[in-house]
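To start, the structure itself, in structure tokens.
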Amino acid sequence: MPPKKKRGLPPGALHHVERKHFKVLFCGEEFPAGAEETRKALEKHDAVGNCEFRFVACAREQVATEIVDADVAVPLMTKIDETLLAKAPILKLVLQFGVGLEGVDEEACTKRGILLARIPSEKTGNADSTAEMAVFLLLAGLRRVNQLAKSLTDRRLGEPITVQLKGKTVTIVGWGHIGKEVARRLRAFGCKLQAVRKSEWPKEEWDFLLYDEGVRPLDELKWIKNSDAVVLCCNQTKENMGMINDDFIGHMKPGAVLVNIARGGLFNREHVLRALDDGRLGYLASDVAWQEPVDPTDPLVAHERAYFTPHVGGVTDMSYQTMGAIVAKACASLQADPWMGETCVVGISPELRYMVNEIMIVNANLPAFPGVTGPCVDFEQCRKRCRC
């Protein structure tokens, strides 16, 4: 006779008693190195009880079948919506291998008591790797890599003439960890830097020793008029979808370089293509696209003044090894303790957002379990109180 569930336990809390496998599902075949690093890291953890870790990486078309008995889902580029979650009765955690959660229905996760989390970029090497990619793309745009390749093919020496980075004004859109790392690197090139974000930061948080112009609100597009290049580092939200449009480009310096290491949904594709065709936009260098994987024959991708890479900004040895270890550690913690171990978020208020155990819980308004009220910040006390 199976053990009786105790009152107040979250779904699947008795998995270490009732089940022989704790399943970690990578939803899709994109970013294969992430799955491999996680699998290797998970092998270093021992599951509690008679349970074993089961690691599965499947094609996107198979996710609906594989998620049925999954404990943890890593979405990658797969859309996680209400329909898919309805097929996952024991799912406890949706953890992105990185930062972007725009494809996950947070409300649906919260409604079902499923934790939704991401891995912040600043301590994993992801921010550093993505910032390095931004510099690479900026140099690719200024140095016109397409034309350089053509000159090599045509056996022409000493052409074309390109643009030097030193002394150029660069505006960074998005002032998070990645934006700051981009600024630190561009400072070494002798660039004049300024940054804009959705809302202004307190002045005490500005680092005037490092950044020339400070941080401006994003609606003050006048600050990009003097920029030789604009680098997009911001999150994609419902509000900024398609923000790189005629209006945005119209505020840019004619012939400027645009770099996108954020998300492809920021593009209004038709407007960007038109701006490249008529010369208002000098060059586009992007690691992301409006649809991924993008069609390489798309007129914008194939444009002579555009250069695209396959969403590899954060795909480096250091960042992937670190993030794989973090995902494995979170899974091991969850399997060992039905109350999430150190990732317990019982009773957190809707306004509270904080990082625990190297991952950041974003749906902090999960309903409190019986007998627990108020923010839970003392993890040891939390575990003691939550035991039934």
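Worth a mention:
- Cβ pairs under 8 Å, 6+ apart, first in segment 94-111 and under 23 Å from Gly125 (Cα atoms), second basic (Lys, Arg) and not in a loop (DSSP other than H, G, I, E, B): Leu95/Arg118; Gln96/Arg118; Gly98/Arg118; Val99/Arg118; Gly100/Arg118; Leu101/Arg118
- Qualifying helices (runs of 4 or more DSSP H) (wholly inside segment 93-190; at least 2 residues being over 14 Å from Cys233 (Cβ atoms) and assigned by TED's automatic domain parsing to the domain that holds Ala57): 106-111
- Summed over segment 299-347, residues that are part of a loop (DSSP other than H, G, I, E, B) and at pLDDT 90 or above total 15.
- Restricting attention to segment 62-92, the residues that are closer than 27 Å to Ala289 by Cβ, surrounded by fewer than 20 Cβ atoms within 10 Å (Cβ to Cβ) and β-branched (Val, Ile, Thr) total 1.
- Per-region count, segment 155-191, residues within 24 Å of Leu300 (Cβ to Cβ) and surrounded by fewer than 16 Cβ atoms within 10 Å (Cβ to Cβ): 2
- No other residue among Val294, Val301 is hydrophobic (A, V, I, L, M, F, W, C), free of Cβ contacts under 8 Å to residues at least 24 places away in the same chain and farther than 28 Å from Lys123 by Cα apart from Val301.
- Ala59 falls short on exactly one of the conditions (1) buried (at least 22 other Cβ atoms within 10 Å of the Cβ); (2) within 21 Å of the chain's Cα centre (by Cα), and that condition is (1).
- Selection count, segment 52-73, where residues are assigned to a strand (DSSP E or B) and within 17 Å of Ala108 (Cβ to Cβ): 2
- Selection within segment 21-51: residues that are small (Gly, Ala, Ser) and assigned to a loop (DSSP other than H, G, I, E, B). The member of this set that is nearest to Val74 (Cα to Cα) is Gly28.
The values are calculated or read from the model by the stated rules, or taken from the named source; none is laboratory data. Source: prediction; values computed, not measured. Every residue, glycine among them, receives a Cβ derived from its backbone with ideal geometry; neighbour counts consider all protein chains shown.
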